[in-house]
Each structure stands twice: as C-alpha cells, then as structure tokens.
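Read through the structure below, which is laid out as structure tokens, and then see the notes.
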Amino acid sequence: MGRLREGQYFCFCLDHVREYNATYNYFNGMSDEDVLRFQKDAVTGHRPTWKMGANRNGAADAGMADPFHMQGGKPGKNRTPRHGVVARKALHVLDLDDDAGPAEIKARYKDLVKRLHPDANGGDRSNEDRLREIINAYNVLRSFRIV
C-alpha cells in the first residue's frame, strides 16, 4: 500500500497493478530534504556506518580491550598478530614459534640449510627430503611477506 504501510497490500488485477505502479510516487508528501536524506542513506542500505579505522564510538581503534585475556593474550604483554594456518605450519617446519621475527626466521633457515645440504655432508642425500620441506616452508613465509 505504500510508505509507512509496509506489509499491507492492495488486491489488483494485472492491468490495475500496471496503472497503479505507473502513477505511484514513494516520495509523495516528503520534503526535498527528506528525499535527499533517504537517497543518501540508500547508498549504505539505510544502515549506520563509521569512518574507516574508527570504532562505534568514533574513536580511533587502538586495539580491542581484553581485560580478562580471553583472546589468548598474556597480562602485561601486547599480542603480536597471529599468522594464518599455512604460515604457522611453515614456522613449525623450521622449528620456530608463532612470534618469531624475520631476522630469527632467516637465521634459522640459513642454519638448517647449511647443516642439511648434501655438499656440507660429504654428498650424503639422506636429509634431502627434510631440506626440501625447509626450503618450501621458507618460500611460503616469503610469499606471505613474513620474512
């Protein structure tokens, strides 16, 4: 039936539906300011929005407060961003923790490659599969720009 009467319907035949729709004006009776406000709100689906990087209160988001450490943080310590599952698996292959930094990752990679490379072991290729895993893990971390 129209604005402010949602859920109420006319029962028209198809010809009268076409005639009604051709003459119907949703904005009939609204001021120009109301029409402009409606059109502006229609861009976001009539839902509230906030500036990028701001929380609902409008303040800059400096990280969510977690006073009870329910997100896994430790008291008195700022949590470092967690890596994805693939990156964590790659760090596990290198025998490193989730919070390992780029310098630590590079140093661990170089150490493992030097120890497991066949040239360093007199041509022994028994560690070749482990060496491939380490190289692939390091390449994964590089692709995620962790190193």
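The values are calculated or read from the model by the stated rules, or taken from the named source; none is laboratory data. As the structure is a computational prediction, the values presented were derived from the model and not from experiment. Here Cβ is always computed from backbone atoms with ideal geometry, including for glycine, and neighbour counts include all displayed protein chains.
Here are the numbers for this structure:
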item	result
Members of region 13-35 found to be touching a Lys or Arg at 6+ places or on another chain (Cβ under 9 Å) and of a type outside the set (Ser, Thr, Tyr), listed by number	PHE27, ASN28, GLY29, MET30
Of residues in region 88-106 being under 21 Å from the mean Cα position of the chain (by Cα) and farther than 15 Å from ILE134 by Cβ, the one modelled with the highest pLDDT	ARG88
Residues of region 97-141 satisfying the condition of being within 14 Å of ALA87 (Cβ to Cβ), out of contact with any Leu (no Cβ under 8 Å at 6 or more places or on another chain) and surrounded by fewer than 15 Cβ atoms within 10 Å (Cβ to Cβ)	ASP99, GLY101, PRO102, ASN136, ASN139
Near pairs, Cβ below 7 angstrom, 6+ apart or cross-chain, from region 119-147 (closer than 16 Å to VAL93 by Cα) to any residue that is modelled with pLDDT of 85 or more and of a type in the set (Lys, Arg)	VAL147/LYS106
VAL17 modelled with pLDDT under 90 and surrounded by 10 or more Cβ atoms within 10 Å (Cβ to Cβ)	yes
